[in-house]
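Notes follow once the structure below has been shown.
The values are calculated or read from the model by the stated rules, or taken from the named source; none is laboratory data. Bear in mind that the values here come from a model prediction, so they are computed numbers and not experimental data. Backbone-built Cβ (ideal geometry, glycine too); neighbour counts: all protein chains shown.
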Amino acid sequence: MDRLPSDKQELLRKSSTERLRIKLLQIGWDEEKILALDQAELLEAAAEVTLVAERSETVVKETLPANDNSPGSSVASDSVRLRKLELEERRMEREEKTAERAERAADREREEKAA
């Protein structure tokens, strides 16, 4: 959450628990997992999703030409840009999976402490 700009942090804090859950459901998170998260965990997950989305938007804006007449819009350079986007998408997916693993580990630790 701390990595987000303050205005986006404020927007997330103002979001209802249900709205945060819907946002996570829309991107494919498991419903049972979402329902098990408390408000703070939902905020952190939504912040991570927002960061990943912003990074992907930045990558797309940086790698795609502004118009068809721009230099470098040949088939070869378009192919290179597409490959870069695919690699960036894979990297972001790995980061999401790593974050999910960390959440699962934290959940297991909480369950073990509660037991």
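Structure values in brief
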| item | result |
| --- | --- |
| Filter result for the condition that a residue is in a helix (DSSP H, G or I) and surrounded by 12 or more Cβ atoms within 10 Å (Cβ to Cβ), over 51, 4 | 51 |
| Test: residue in segment 68-83 that is of a type outside the set (A, V, I, L, M) and either closer than 20 Å to residue 2 by Cα or at pLDDT 85 or above (or both) | no |
| Scan of segment 91-102 for residues that are of a type outside the set (Gly, Ala, Ser) and under 16 Å from residue 28 (Cα atoms), ordered by number | 92, 93, 94, 95, 96, 97, 98, 100, 101 |
| Hits in segment 1-24 (condition: over 16 Å from residue 39 (Cβ atoms) and free of Cβ contacts under 8 Å to residues at least 40 places away in the same chain) | 2, 5, 6, 7 |
| Residue pairs meeting the criteria (Cβ under 9 Å; at least 6 apart or on separate chains; first in contact (Cβ under 8 Å) with a residue 12 or more places away in the chain and closer than 16 Å to residue 35 by Cα, in segment 104-115; second assigned to a helix (DSSP H, G or I) and among the small types (Gly, Ala, Ser)) | 107/36 |
